[in-house]
Amino acid sequence: MEALLNFLLELLNGLNKDLTLLIVSMVPLIELRGGIIAAALLGVPVVRGWLICIIGNMIPIPFILLFINKIFDIMKKWKPTAKIANKLEDRAMGKSEKIQRYEFWGLMLFVGVPLPGTGAWTGALIASLLRIKLKKAVPAIVCGILLASVIMLVVSYGGVHIIKMF
């Protein structure tokens, strides 16, 4: 993730820092975790960086929840993209056992614990593939994003610094 984050920051060099954070937080694989690290690297104040990264991470979620199944169905009809759709589905479903079992809490913790392969994008993809209702999926993903943001704030900015900010 570090190499991808550095590449993206280099690519976005010259843009407003807030816009850079918003874009970084929307990118799959990097998401909120990378956004908060980028905020610390760019010297963005804690609260402002935190809010921008949360918003950026949430922007793609409704689109994934509402449209990814239809997009995958279309992709599966065309041979060159069928393999990609099946691979993405298989990878997401391979991580879905705890989410399927515990639904809200499983999805929230999956999104909220900032480990490789977890996050809002994958959580939304799994929720969509499992056909978890929006009224359960959206709050679980939002709570997960908030949990992940607190963990990443402590890691990126340092706990003592954050406590002083609030």
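The values are calculated or read from the model by the stated rules, or taken from the named source; none is laboratory data. Since we're looking at a predicted model, the values are computed, not measured. Using ideal geometry, Cβ is built from the backbone for each residue, glycine included, and neighbour counts are taken over all protein chains shown.
Some notes on this structure:
Rundown of residues vs (1) free of Cβ contacts under 8 Å to residues at least 12 places away in the same chain; (2) over 23 Å from Val47 (Cα atoms); (3) not β-branched (Val, Ile, Thr), yes/no style:
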site: Trp105; (1), (2), (3): no, yes, yes
site: Gly112; (1), (2), (3): no, no, yes
site: Thr118; (1), (2), (3): no, yes, no
site: Ala127; (1), (2), (3): no, yes, yes
site: Leu130; (1), (2), (3): no, yes, yes
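- The set of residues from the range 1-26 being more than 19 Å from Leu115 (Cα to Cα) and either touching an Asp or Glu at 6+ places or on another chain (Cβ under 6 Å) or surrounded by 14 or more Cβ atoms within 10 Å (Cβ to Cβ) (or both) comprises Leu8, Leu9, Leu12, Lys17, Asp18, Thr20, Leu21, Leu22, Ile23.
- Single condition Glu89 does not satisfy, out of (1) touching a residue at least 40 places away in the same chain (Cβ under 8 Å); (2) buried (at least 18 other Cβ atoms within 10 Å of the Cβ); (3) closer than 20 Å to Leu32 by Cα: (3)
- The lone criterion from (1) free of Cβ contacts under 8 Å to residues at least 60 places away in the same chain; (2) touching a helix residue (DSSP H, G or I) at 6+ places or on another chain (Cβ under 8 Å); (3) within 30 Å of Leu42 (Cβ to Cβ) left unmet by Gly158 is number (2).
- Test: residue in the range 135-157 that is outside any helix (DSSP H, G or I) and modelled with pLDDT under 90: no
- Any hit, the range 119-140, residues being at negative phi, of a type in the set (Phe, Trp, Tyr) and in the same structural domain as Leu51 (by TED's automatic domain parsing): no
- Qualifying residue in the range 60-75 (condition: polar (S, T, N, Q), under 22 Å from Lys136 (Cβ atoms) and touching a residue at least 60 places away in the same chain (Cβ under 8 Å)): yes
- Subset of the range 41-57 (residues that are surrounded by fewer than 18 Cβ atoms within 10 Å (Cβ to Cβ) and in a helix (DSSP H, G or I)): Leu41, Leu42, Val47, Arg48, Leu51, Ile55
- Any hit, the range 102-115, residues being among the acidic types (Asp, Glu), in contact with a Lys or Arg (Cβ under 8 Å, 6 or more places away or on another chain) and surrounded by fewer than 18 Cβ atoms within 10 Å (Cβ to Cβ): yes
- Screening Gly123 with (1) assigned to a loop (DSSP other than H, G, I, E, B); (2) within 17 Å of the chain's Cα centre (by Cα); (3) not β-branched (Val, Ile, Thr) gives one miss only, at (1).
- Residues of the range 112-132 satisfying the condition of being of a type in the set (Lys, Arg) and in contact with a Phe, Trp or Tyr (Cβ under 9 Å, 6 or more places away or on another chain): none
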